[in-house]
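Enquirer: Submitted below is the structure of interest, expressed as structure tokens.
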Amino acid sequence: MEAIRQICPNKYLNFRALEAINSRGGMMILWDRGQRELVDCIAAIGQTARVLEGKPIANNINSRIAAEICEMKNTIGKTPGLGVILVGGRRDSQSFVRIKMKVGIVPFTVELPEDCSEAELFDAVSSFNENPLIHGVIVQLPLPKILHVRVIFFSEVSPKVRSLAYSNFGIDLWAQHLDEEKIISYVSPEKDVDGFHPTNVGNLAMNDVEIKGENVVVVGRSKLVGLPTSLLMQRHHATVTTVHAFTGNPKQVTCGADILVSDIGVPNMIRGHWLNPGVIVVDMGANSVEDTDSLKGQRLIGDVCYDAAIVKASAITPVPGGVGPITISMLLSNTLDAAKRTYRHT
């Protein structure tokens, strides 16, 4: 109890009724009967979740992409091209361009002002569609609210970039990610110390993950993430439940999850007491919040309260650094695949 007092803020020590309940892994959870809620203050006396860092996986993917592009260039003298349309000031775009150049993909970038018209954006996409040197087209999100994302993608992205198109983006990205990361499973689990072996991290992001019969809760039903993820999990015979804005008691639903995927876009919405002990958490939220200690004045956090979840989950993706790097790498992989189809190169 003394250990809990040292960790918990003072405001948590004046409850009318306070119990220390021994949970799995030696974790101590504070329960305030008066307020009838679990407090997001957990003293981790035992194990914490394995952190699923995306950068090691992304680096492996990027190395493979670079090798294949080099082979393509030496064999047929061609290289993949990726067109990126940026609307408004995007500070994150430069790092994205550097990654593309590092693996050998030729970047084509159009920057439009935040107040650009839909017609200007359509023209930019159309020019990329007609350019034979471009094999993938993306529009960097989020867009200003005045623009209609669905119309842009469905109406203007040509079939040659179907693997990157709005209607297929989520399913193709996840499916290819799962397929391509099977190679990591060849590493002996006993000797893997980097934390991204499928057996060690819960295997969700790998092709041989056993999700058959698992209870999967997807928080959010967007066409980019939530819906494709739900369909993918169902395809692998998981029992899938979706939490959305009209779900009456989301906490009751998430507490039953073996695997939880979130892309609701609400900072720290999912608290520690919403989670089932041992759950695998894939946090795909990317929420910018004010941070006076940061040079940029803001920082990126996920939908899941990380500090509370890390001592309750068995595995968790951090924000930033979890899903994000892999998403970029898979987008580059899709571009390479599109170029291979165009040039009939195997």
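The values are calculated or read from the model by the stated rules, or taken from the named source; none is laboratory data. In this text, all values refer to a predicted model and were calculated from it rather than measured experimentally. Cβ atoms come from the backbone with ideal geometry, glycine included; neighbour counts cover every protein chain shown.
Enquirer: When the range 95-132 is examined, which residues are found to be closer than 15 Å to residue 329 by Cα, in a helix (DSSP H, G or I) and in contact with a strand residue (DSSP E or B) (Cβ under 8 Å, 6 or more places away or on another chain)?
Expert: If the condition is that a residue be closer than 15 Å to residue 329 by Cα, in a helix (DSSP H, G or I) and in contact with a strand residue (DSSP E or B) (Cβ under 8 Å, 6 or more places away or on another chain), then 96, 97, 100, 101 are the ones that fit.
Enquirer: Which condition does residue 310 not pass, out of (1) buried (at least 23 other Cβ atoms within 10 Å of the Cβ); (2) modelled with pLDDT of 85 or more, if it passes all the others?
Expert: Condition (1) is where residue 310 drops out.
Enquirer: Where in the range 251-302 are there strands (runs of 3 or more DSSP E), lying wholly inside it, with at least 1 residues that are surrounded by 22 or more Cβ atoms within 10 Å (Cβ to Cβ) and among the small types (Gly, Ala, Ser)?
Expert: 259-262
Enquirer: Taking into account only those residues within the range 313-336 that are touching a residue at least 60 places away in the same chain (Cβ under 8 Å) and assigned to a loop (DSSP other than H, G, I, E, B), which is surrounded by the most Cβ atoms within 10 Å (Cβ to Cβ)?
Expert: 317
Enquirer: Follow-up question, since we're still on this one. Could you grab me the full set of residues in the range 125-147 that are hydrophobic (A, V, I, L, M, F, W, C) and modelled with pLDDT of 85 or more?
Expert: Within the range 125-147, 133, 134 meet the criteria.
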